[in-house]
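Some notes on the structure that comes next.
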Amino acid sequence: MNMSEMRTLETAMSYAPILMFDRAEPFYPDFVGISVLHQSGPSPSFRRDIKFPTEAVQYVIEYAIWWDYEIGHLYEMEHVWVYVGHDGEVVDCEASFHGKVLRGLLKERVNVVGHHVCLYSQPGKHAFSPLPVVFELLPNLYSAAGAEAGCDGLLVNELFQDYFETNEQIDAQVERYLQTKAFIPTMEFEEYLLKPEIFMTWDNLFGIIPHRIKDRLIELEKLYNT
């Protein structure tokens, strides 16, 4: 790791979001891929353009937060974007929510502690919101973590479609495994701090993802097809 990458990761850690997970959550982040944007442009790891006025925003830190599993499928990646002003203060925050983007900063900055925005993670599914009550509006809040666990098998989206693929056998193995992780959300949340050792640049994270998927598939094959 060169000095530039080290400084990037140190900056990202100093603004890293505080995540709130359900007390019964079975899966916590495995890695965080970091990108820093100094001007408006496309997100390196999410299908969106990030636009901001440079007179008010010095840079935007993109956190691509990776899990090997979420309760519905093999592999998960959610995002947080922290907008940093020229005075070093957090001026805005956004977070991913089932493929969409929500504002992450509440009025009067009541969910900011120092330079860290506090965000809640949907039990099992990991979508982010500054308010946990938002999850109560989801019709499948409880079924997604219970009866529907594993229903999506191995997720393959356009970002990784050239690196791995799925089939009925793989999807069945994923579902069988995730059914063992099914749970009932308590809707009681505990603070979780992202560990320094899981931070890396987005390019490095992207490079290891196919290997992570391969390793998980080998584990499932040993569990259910031997």
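Observations on the structure shown:
- Matching option when the condition is charged (D, E, K, R) and assigned to a strand (DSSP E or B), among Glu55, Glu78: Glu78
- Some residue of the stretch 143-164 being within 30 Å of Val82 (Cβ to Cβ), at pLDDT 95 or above and not aliphatic (A, V, I, L, M): yes
- Residues in the stretch 1-34 that are among the hydroxyl-bearing types (Ser, Thr, Tyr) and touching a Ser or Thr at 6+ places or on another chain (Cβ under 7 Å): 1 in all.
- Answer from Ser45, Ser96, Ser40 - the residue that is surrounded by fewer than 17 Cβ atoms within 10 Å (Cβ to Cβ), of a type outside the set (Val, Ile, Thr) and in contact with a strand residue (DSSP E or B) (Cβ under 9 Å, 6 or more places away or on another chain): Ser40
- Checklist (1) among the small types (Gly, Ala, Ser); (2) in contact with a Pro (Cβ under 8 Å, 6 or more places away or on another chain); (3) surrounded by fewer than 16 Cβ atoms within 10 Å (Cβ to Cβ) applied to Gly124, failing item: (3)
- Residues in the stretch 10-68 that are free of Cβ contacts under 8 Å to residues at least 40 places away in the same chain and in contact with a Cys (Cβ under 7 Å, 6 or more places away or on another chain): there are none.
- Residue in the stretch 100-118 that is of a type in the set (S, T, N, Q), part of a strand (DSSP E or B) and modelled with pLDDT of 95 or more present: no
- Search result, residues across the stretch 50-61 that are of a type outside the set (S, T, N, Q) and either farther than 30 Å from Asn140 by Cβ or surrounded by 23 or more Cβ atoms within 10 Å (Cβ to Cβ) (or both): Lys51, Phe52, Pro53, Glu55, Ala56, Val57, Tyr59, Val60, Ile61
- Taking the numbered list (1) touching a strand residue (DSSP E or B) at 6+ places or on another chain (Cβ under 7 Å); (2) outside any loop (DSSP other than H, G, I, E, B); (3) touching a residue at least 40 places away in the same chain (Cβ under 8 Å); (4) farther than 19 Å from Tyr15 by Cβ in turn, Asp152 passes all entries but (2).
Yes/no matrix, rows are residues, columns are (1) in contact (Cβ under 8 Å) with a residue 12 or more places away in the chain; (2) touching a strand residue (DSSP E or B) at 6+ places or on another chain (Cβ under 6 Å); (3) surrounded by 13 or more Cβ atoms within 10 Å (Cβ to Cβ); (4) within 22 Å of Tyr28 (Cβ to Cβ):
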residue: Ala147; (1), (2), (3), (4): yes, no, no, no
residue: Glu188; (1), (2), (3), (4): yes, no, no, yes
residue: Phe199; (1), (2), (3), (4): yes, yes, yes, yes
residue: Pro210; (1), (2), (3), (4): yes, no, yes, yes
residue: Asn225; (1), (2), (3), (4): yes, no, no, no
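- Unique match (being assigned to a helix (DSSP H, G or I), touching a residue at least 40 places away in the same chain (Cβ under 8 Å) and over 19 Å from Phe46 (Cβ atoms)) among Leu205, Leu178: Leu178
The values are calculated or read from the model by the stated rules, or taken from the named source; none is laboratory data. What you are looking at is a predicted structure, and each value in this text was computed from that prediction instead of being measured. Virtual Cβ from ideal backbone geometry, glycine too; neighbours counted across all protein chains shown.
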